[in-house]
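J.: Before I ask anything, let me first share the structure, which is written out below as structure tokens.
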There are 2 protein chains.
Amino acid sequence: MSGVARTVDPEKHAARRLHILAAAGRCFSRKGFDATTTADVCAEAGVGSGTLFHYFTNKRALLHALFELDEAEQAERAERALAEADPLAALWRLVDGLVADVRERDYLGLVGVVIQQASRDAEFAALVARTEAATRSALTELVRRCTESGVVDSGHDAEATASWVQSMTDVVYLRLSGDESLDVDAELAVLHDVVSRFLRCAA
Amino acid sequence: MSGVARTVDPEKHAARRLHILAAAGRCFSRKGFDATTTADVCAEAGVGSGTLFHYFTNKRALLHALFELDEAEQAERAERALAEADPLAALWRLVDGLVADVRERDYLGLVGVVIQQASRDAEFAALVARTEAATRSALTELVRRCTESGVVDSGHDAEATASWVQSMTDVVYLRLSGDESLDVDAELAVLHDVVSRFLRCAA
DNA sequence: CGATTATTGGAGCGGACACTCCAGCAATGC
DNA sequence: GCATTGCTGGAGTGTCCGCTCCAATAATCG
């Protein structure tokens, strides 16, 4: 009762949480959300189910937490891009940021998971939509600036243009996750051409 | 024993098979493969489980049969395109063919199913790969012809070019399945621009 | 140390799901 | 009409999986 309060090291807690999340991410990427069992995640993380459900209320929470990690990062990247002076350079930096995780082979399959689950879990869909919207609105603004200064001319409105650029970056993940033999750098080179030609810009 | 052989109407059998397959397709599109139960399919098709498993050995067989329907169609389309005189017109016709099903809202979600299952069911992956390869090889040949006659110049080798064009058509399905509010015709218009600019062709 | 409380692994529970089984039915041939 | 056989629905079955529960342990305090 009046006893000794045991204070907990919050760093260890957070680290273990992340460790489990990383394991879950690998499992989801490999087998998809529905097909991975919580036992899979436990085995991959090297913990028991008691531990897993101590840190996360249920399997769905694992997925949500995993993509909440992205949200902050994406928003920050978007903000940084908007602060840059040269809009075209900023746009390219943002695009590069979007494909930055393309080399993380262990997590490529998560694109499929997002596509599948977003159409079935409304809350998850909202999370993903929020994350993507942050990036897209920044992208839209940059496209607008570039168009006004004449270095870009897609012939479509800025919002649609931004949205398509975003989709094209997604394609790279999709292609790489579907075909292991593709060369990452070659794919990125083609992406660059596809986007720059779509935008009708010099670089 | 020596009894009366009862001959069966094969048309009815085939029709019922297709009816069940269509129902399965709608279910898979809506909820994904793993999350749809065989009971879902039965309810959607209006049959009992006895009937379902009389026509298909298991749930996986439903998925396989569903995409085997596509295989013949795609191969035929590819062949027809190769037979055309004008390679550029043929290329565009083939692209149009690839996005022909884009208006079938009930089945849009199947893209996600393919992505997810192909990475986990080797036999299914092989089926999908075969189907896509047929189209891609035709697309590759058309790109080659167009490049030789100078009406196309992507700056990348024909195979990679074809593969990316194919991916871009997939994007349309993905975008429409993820956002109901998008306008189909507007999307197709952007796709046209994206592809023609990537190919650096006149039309 | 000893007291207290967070953390841990794993046994096990309840429910759901893919698939089977079978008894009645419908369709065919004579 | 009758015999035969395929077709059909739904009740049932074994298995698996998400999650709970708990006893044991580890960490932190005075």
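J.: Return the loop-located trypsin sites (Lys or Arg not before Pro) in the stretch B:1-100 (DSSP other than H, G, I, E, B) with at most 15 other Cβ atoms within 10 Å of their own Cβ; answer none if there are none.
T.: B:Arg6
J.: Between copies, how close do the B:Glu79 label points come, placed 7 Å along Cα→Cβ, listed in nm from shortest?
T.: 6.0
J.: Out of residues 5 or more away from B:Val152 or on other chains, whose amide H comes under 5 Å of its own, with H placed 1.01 Å from N in the peptide plane?
T.: For B:Val152, whose amide H was placed from the backbone, the distant partners under 5 Å are B:Thr147.
J.: For the stretch B:148-200, which GluC sites (Glu not before Pro) are both in a DSSP coil and crowded by at most 16 other Cβ atoms within 10 Å?
T.: B:Glu180
J.: Name the residue farthest towards the positive end of the dipole of the stretch B:68-199 from the options B:Ser196, B:Val171, B:Leu82, assuming +1 on Cβ of Lys and Arg, -1 on Cβ of Asp and Glu, about the Cα centre.
T.: Toward the positive end, the furthest listed residue is B:Ser196.
J.: To the nearest 10 degrees, how steep is helix A:87-98 against the longest Cα principal axis of chain A, on a 0 to 90 scale?
T.: 30 degrees
J.: Next up: Enumerate the calculated ³J(HN,Hα) couplings along the stretch B:150-161 in order (Karplus 6.51 cos²θ - 1.76 cosθ + 1.60, θ = phi - 60°), each rounded to whole Hz, writing x wherever the residue is Gly or Pro.
T.: Couplings: x, 8, 9, 7, 7, x, 10, 5, 4, 4, 5, 4 Hz.
J.: Something else about it: Springs between alpha-carbon pairs under 10 angstrom, Gaussian network model over chain A: which of A:Ala186, A:Ala118, A:Ala61 fluctuates most?
T.: A:Ala186
J.: Shifting gears a bit: Cross-link candidates for B:Lys12: which lysines have Cα within less than 24 Å, leaving aside residues fewer than 8 places away along the same chain?
T.: Correct list for B:Lys12: B:Lys59.
J.: With θ taken as phi - 60° and the coefficients 6.51, -1.76 and 1.60, list the Karplus ³J(HN,Hα) couplings across the stretch B:183-191 in order, rounded to whole Hz; mark glycine and proline as x.
T.: Each residue of the stretch B:183-191 in turn: 8, 4, 5, 4, 4, 5, 5, 5, 3 Hz.
J.: What are the label-to-label distances in nm, one decimal and shortest first, from A:Asp193 to the same spot in the other copies, with labels 7 Å along Cα to Cβ?
T.: 2.1
J.: Treating the angle as unsigned and between 0 and 90°, give the value, to the nearest 10°, between the Cα long axis of helix B:122-148 and the longest Cα principal axis of chain B.
T.: Roughly 30 degrees between the two axes.
J.: Quick check: the distance between the Cα centres of the stretch A:113-137 and the stretch A:170-203, to the nearest angstrom?
T.: When both Cα centres are located, 22 Å separates them.
J.: Here is a follow-up. Taking the Cβ of B:Ile20 as the centre, find all other residues whose Cβ is under 13 Å away and add up their charges (Lys, Arg: +1; Asp, Glu: -1). Working shown, then result.
T.: On the way: positive: B:Lys12, B:Arg16, B:Arg17, B:Arg26, B:Lys59; negative: B:Asp40, B:Glu44.
Counting the neighbours of B:Ile20, the net charge comes to +3.
J.: Label position 7 Å from Cα toward Cβ: report the copy-to-copy distances for B:Leu18 in nm, one decimal, ordered from shortest.
T.: With the label placed 7 Å along Cα→Cβ, B:Leu18 yields 5.7 nm.
J.: A further question on this structure: Quick one: dipole size for the stretch A:24-105, taken about the Cα centre, charges +1 on Lys/Arg Cβ and -1 on Asp/Glu Cβ, in debye to the nearest 20.
T.: The dipole magnitude comes to about 420 debye.
J.: A further question on this structure: Per residue of the stretch B:168-174, in order, report the coupling 6.51 cos²θ - 1.76 cosθ + 1.60 (Karplus, θ = phi - 60°) as ³J(HN,Hα) in whole Hz, putting x for Gly and Pro.
T.: Along the stretch B:168-174, the couplings run 5, 5, 4, 4, 4, 4, 4 Hz.
J.: Taking the alpha-carbon distance from A:Lys31 and a cut-off under 17 Å, which aspartates and glutamates remain once sequence neighbours fewer than 8 residues away in the same chain are dropped?
T.: The reachable aspartates and glutamates, counting only those whose Cα sits under 17 Å from A:Lys31, are A:Asp40, A:Glu44, A:Glu104, A:Asp106, A:Asp179, A:Glu180, B:Asp34, B:Asp121, B:Glu123.
J.: With 10 Å bins from zero, work out the P(r) of the stretch B:68-199 over every alpha carbon pair and list the percent per bin.
T.: 12, 42, 36, 11, 0
Rule-based calculations on the coordinates, nothing more; no lab input. It should be emphasised that the depicted structure is a prediction, and the values quoted were computed from it without experimental measurement. Please note: Cβ atoms are built from the backbone with ideal geometry, for glycine as well, and neighbour counts cover all protein chains shown.
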